[in-house]
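J.: Below is the structure I would like to discuss, written out as structure tokens.
The values are calculated or read from the model by the stated rules, or taken from the named source; none is laboratory data. Source: prediction; values computed, not measured. Note that we place each Cβ from the backbone using ideal geometry, even for glycine, and neighbour counts take in every protein chain shown. Just the protein is used for accessible areas: all its heavy atoms, side chains included, with ligands, DNA and RNA removed. Shrake-Rupley method; radii C 1.70, N 1.55, O 1.52, S 1.80 Å.
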Amino acid sequence: MEQQVGKLEQIHPILLVEGDTAHAKLVQRYLEEADLLNCKPTYAESFGEARQLLTEGRDYAAILLDLNLPDSQGFETLERFLLLFPNQNIIVMTGQSDRELGVQAVKAGAQDFLLKDELDAPKLSKSLRYSIERSSILNRLEETQRLAHIGYWECSPSEHFFSGSEELYRIIGRPYPQLLSCEELMSGKPPYTLFVDLQEASRQQGKVQKDTWITREDGQRRYVSVFCKANRLSNGAYNFYGIIQDITERKQAQELKKARNLAEQEAKVREEFIASISHEMRTPMNAIVGMSNLLRKTPLNGEQRESVMAIQQSSSILLGIVNDILEVSSLQRHQPRFEHKVFRLPCLLADLVGVMKYRAREKGLALKLDISPEVPEYLVGDPLRLNQVLYNLVGNAIKFTEWGRVSISVSLMKTEGHRVELRYTITDTGIGISRDKLALIFEAFTRVPIGNRPQEGTGLGLAIAQKIVEFQGGRIQVESEAGSGSRFYFDLWFGVSTAEQLLPPKQKDSALPSDQAFTLLIAEDHKMNQVVARKTLEQQWANARILVADNGQEAIDHLKREPIHLVLMDIQMPVLDGLEATRIIRQEMEAPVNKVPILAMTAHANFKKNGAATELGFDGVILKPFEPGQLFSAIEQCLLVES
Amino acid sequence: MKKEVQLNTSYLDQMSGHDPATRLELLLLLAEELRTRPPSMRQCWEKQDLPALRRLSHHYKSTLPFTGCGPLIDANRKLEERLKESPQSLEIPLLLLQIEKASAAILLQVEALIRQASSTR
């Protein structure tokens with residue numbers, strides 16, 4: 001009800017175009033009397049006057065149009081209006097003798113016609129009301145179609161008739177109202193070939209639908225979905241109507257999604273390829289890395305020793321490259337897990353400086369560490385990842401600095417409850433980076449030439465460091481200019497802790513004595529690998545008792561029979577594989593056997609990632625080919641912690 | 001293929017730590033592998049037990065570096081790949097044949113080394 005009242009109260013501007021002033025006054029009076037419509041009439045005496053008003057952009061709910069004006073006569077008056085203002089709601093007023101003209105006017109596009117002789121207030125208001133409502137509905141429909149990019153058309157070739165909506169014109173790229181004629185449409189020139197084909201197909205099949213690319217009049221390519229239906233008329237001819245929807249954006253989104261899926265698949269294949277290659281590379285490196293270590297323990301002359309050391313250094317570099325490639329490939333696809341453990345920041349930084357000072361000293365550089373007094377000593381976070389980032393940045397700073405110093409500083413940025421935001425800054429007096437190269441230095445697989453120096457390493461270190469910081473919510477920033485040194489810094493949040501919460505550190509540095517007696521079980525199905533592993537371990541610990549199991553089941557049997565201090569577990573074995581054997585040991589065997597340290601031995605690099613091995617019950621992973629030092633260190637760590 | 005099937009013991013020598021006893025032990029194990037593994041693989045193929053064939057090929061991969069024989073290592077690697085990615089590949093029986101022939105040729109050379117090593121002990 002309220003809605004109706006609202007409708008009645010709405011004021012509808014009406015343009016009255018009438019050459020006869022007496023009739024104009026009469027119509028104006030009828031409009032005032034119209035009780036169904038609240039009208040506000042504007043009067044124009046001629047075509048020119050009306051055109052002026054409409055051109056100024058005034059909006060009218062309806063135009064009451066007399067066809068005989070001083071400056072325009074008959075049907076031409078309507079045609080001129082429709083051509084110039086095709087969206088206007090026009091009601092034609094004719095004399096009794098011109099009834100036929102009125103009918104033609106409606107066919108041509110007028111909303112209604114009124115006979116002047118029969119005109120009264122109720123008839124006028126009824127006609128206006130219906131035409132305004134119809135026009136409003138059509139406008140809404142047109143608006144909806146415009147928003148949905150749907151155009152429609154009707155075509156009757158036998159009557160040389162074509163009519164299309166404004167949106168149709170927009171879709172085919174033709175300025176509206178540069179109206180399209182039926183003949184033009186049927187000429188079959190692009191983009192109208194589509195309509196001719198559709199009409200021909202629908203004549204045979206009744207209706208057709210297809211999605212296709214079209215080339216618009218302005219040359220643009222658009223993807224459209226079209227539907228066309230044919231109606232057979234009583235004279236045997238056909239007329240057609242249809243809709244056309246521009247779905248280019250949807251199509252492009254689909255193509256984009258397809259391309260993205262393809263790219264993801266390619267990335268996955270690449271990841272698998274990299275993992276597989278690294279695996280293949282590691283196997284022959286077993287000989288190079290491992291046996292050069294054994295070789296060093298045999299009697300060698302000076303030249304031979306140097307050669308062996310060169311092999312060791314080169315293979316370490318090669319291992320570093322393989323590990324970098326694996327790491328960056330992994331970080332591009334997966335978010336790593338970050339530890340939340342208590343660590344002592346000054347110790348971490350002192351260790352870092354301890355490692356790097358030799359490299360700095362070799363180049364005569366000063367390596368400075370500065371921790372602001374307000375920085376908490378004990379933090380909660382991932383010390384290994386932090387160390388990895390700092391190691392990378394400091395290593396780069398030393399690499400690209402020929403004189404002067406490299407400084408590491410840590411300062412407090414913010415405090416929120418038990419959390420602090422710390423800024424880590426690495427400054428050097430090195431050769432710097434030109435501004436145009438700054439944006440590229442964090443790109444993986446992008447090598448930025450710096451100075452005239454030969455490029456060392458894989459160039460992946462900064463990409464890895466950036467990813468690690470980004471995954472923790474920070475970002476490494478750089479300020480540098482060629483020849484003026486560099487300043488790298490990043491901010492990260494850490495929890496604040498105390499010394500009491502810090503677990504006793506593992507005695508990493510205490511080596512297991514070479515005469516230490518312990519029992520170690522190698523679960524490995526490959527006989528030759530058994531011999532090699534046993535031989536390597538016996539050379540390191542002469543009093544160690546080395547047991548060998550051919551599969552997981554035998555390993556379990558050994559553990560049931562006798563005390564064993566450590567298990568080296570191959571993953572892929574017959575009877576019972578290493579994963580299942582470890583599960584049984586951890587979940588089904590009784591203490592203390594279920595606590596025995598187990599180190600996984602595998603050539604699959606991915607096994608070491610994301611803490612998967614820990615979840616599966618392993619205390620660590622030794623990647624094959626193992627460096628004896630790495631193997632010994634992992635064994636020592638387990639046995640020292642256990643003791 | 002025939003010309004390239006040559007035993008190269010440099011890897012085996014290194015892995016033995018240049019200890020003659022360990023070297024002989026590894027040679028004996030290698031001979032055993034070369035003797036028994038290809039027939040087992042052939043059996044799996046004839047039974048069309050492809051998962052078992054793939055397991056044997058994977059295991060053989062750890063053995064073959066001790067032969068230092070590139071074509072043999074390559075043929076076995078390809079076999080494992082084909083079994084993983086395209087088990088219907090017509091290349092599989094051909095690769096198996098290559099592995100059998102190359103293994104037999106290498107076995108003769110390994111046995112000669114064993115005889116030589118045993119006589120010097």
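J.: How fast does chain A diffuse by Stokes-Einstein, in µm²/s, taking the Kirkwood radius from C-alpha pairs at 20 °C and 1.002 mPa s?
T.: Result for D is 64 µm²/s.
J.: Still on this model: Report for the stretch A:2-145 the percent antiparallel among DSSP-assigned beta bridges with both residues inside it, nearest 5.
T.: Bridges in the stretch A:2-145 that DSSP calls antiparallel: roughly 5 percent.
J.: Enter the angle in degrees (range 0 to 90, nearest 10) between the Cα long axis of helix A:345-362 and the first principal axis of the Cα atoms of chain A, meaning the one along which they spread out most.
T.: 80
J.: List the pairs from B:LYS61/B:LYS84; B:LYS47/B:LYS84; A:LYS535/B:LYS78; A:LYS189/A:LYS229; A:LYS535/A:LYS595 whose alpha-carbon separation is above 19 Å, in the order I gave them. The partial results should precede the final answer.
T.: Values: B:LYS61/B:LYS84 14 Å; B:LYS47/B:LYS84 17 Å; A:LYS535/B:LYS78 31 Å; A:LYS189/A:LYS229 21 Å; A:LYS535/A:LYS595 26 Å.
Long pairs (Cα-Cα over 19 Å): A:LYS535/B:LYS78; A:LYS189/A:LYS229; A:LYS535/A:LYS595.
J.: Counting heavy atoms of the protein chains only and a 1.4 Å probe, report the per residue accessible area for the protein assembly as shown as a whole number of Å².
T.: Normalised by residue count, the accessible surface of the protein assembly as shown is 52 Å².
J.: I'd like the orientation of helix A:628-642 relative to chain A: the angle between its Cα long axis and the longest Cα principal axis, in ° from 0 to 90, rounded to 10.
T.: Approximately 80 degrees, to the nearest 10.
J.: Chains B and A: buried accessible surface, both sides, probe 1.4 Å, rounded to 100 Å²?
T.: 1800
J.: Residues of the stretch B:22-49 losing 10 Å² or more of accessible area relative to the isolated chain, 1.4 Å probe, heavy atoms only?
T.: The answer is B:THR22, B:GLU25, B:LEU26, B:LEU29, B:GLU33 - residues whose exposure falls by at least 10 Å² when every protein chain is included.
J.: Let me ask something additional. Kindly rank A:65-76, A:231-242 from highest to lowest mean number of other beta carbons found within 10 Å of each residue.
T.: A:65-76, A:231-242
J.: Moving to a separate point now. What distance in nm lies between label points placed 7 Å from Cα along the C-beta direction at A:LYS40 and A:ILE277?
T.: 7.5
J.: Going 7 Å from the Cα of B:GLU100 along its beta-carbon direction, which residues of the stretch B:13-48 have the amide nitrogen within less than 20 Å of the resulting point?
T.: Within reach of a label on B:GLU100, which here means backbone N under 20 Å from a point 7 Å along Cα→Cβ, the stretch B:13-48 contributes B:31-48.
J.: Going by a 1.4 Å probe on protein heavy atoms, which residues of the stretch A:529-570 end up with at least 40 Å² less accessible surface in the whole assembly than in their chain alone?
T.: Residues meeting the cut-off: A:VAL531, A:VAL532, A:LYS535.
J.: Students often check this: by mean Cβ neighbours within 10 Å, which of A:592-601, A:40-49, A:517-526 ranks highest, and how do the rest follow?
T.: For the peptides A:592-601, A:40-49, A:517-526, the packing ranking is A:517-526, A:592-601, A:40-49.
J.: Test of understanding: extend the Cα→C-beta vector of A:MET309 to 7 Å, then name every residue of the stretch A:341-359 with backbone N under 18 Å from that spot.
T.: A:358-359
J.: Using alpha carbons only, how many degrees (0 to 90, rounded to 10) separate the axis of helix B:50-63 from the longest principal axis of chain B?
T.: Here the helix axis deviates by roughly 20 degrees.
J.: What nm value, rounded to one decimal, do you get for the distance between A:GLU184 and A:ARG359 when each label is placed 7 Å out toward the C-beta?
T.: 7.2
J.: In addition: Rounded to a whole number, what % of the accessible area of the stretch A:2-145 do carbon and sulfur atoms account for, probe 1.4 Å?
T.: Details: 3800 of 7760 Å².
Result for the stretch A:2-145: 49 percent of the exposed heavy-atom area is carbon or sulfur.
J.: Give me the net charge for the shell around A:PHE161: Cβ to Cβ below 12 angstrom, other residues only, Lys and Arg +1, Asp and Glu -1.
T.: Values: positive: A:LYS107; negative: A:GLU154, A:GLU159, A:GLU183.
Combined, the nearby Lys, Arg, Asp and Glu give -2.
J.: For labels at A:THR519 and A:LYS116 in the simple 7 Å Cα→Cβ model, what's the distance in nm?
T.: Roughly 12.2 nm, to one decimal.
J.: Evaluate the stretch A:2-145: find the radius of gyration of its Cα atoms, find its Kirkwood radius, and give the ratio Rg to Rh.
T.: A ratio of 0.94.
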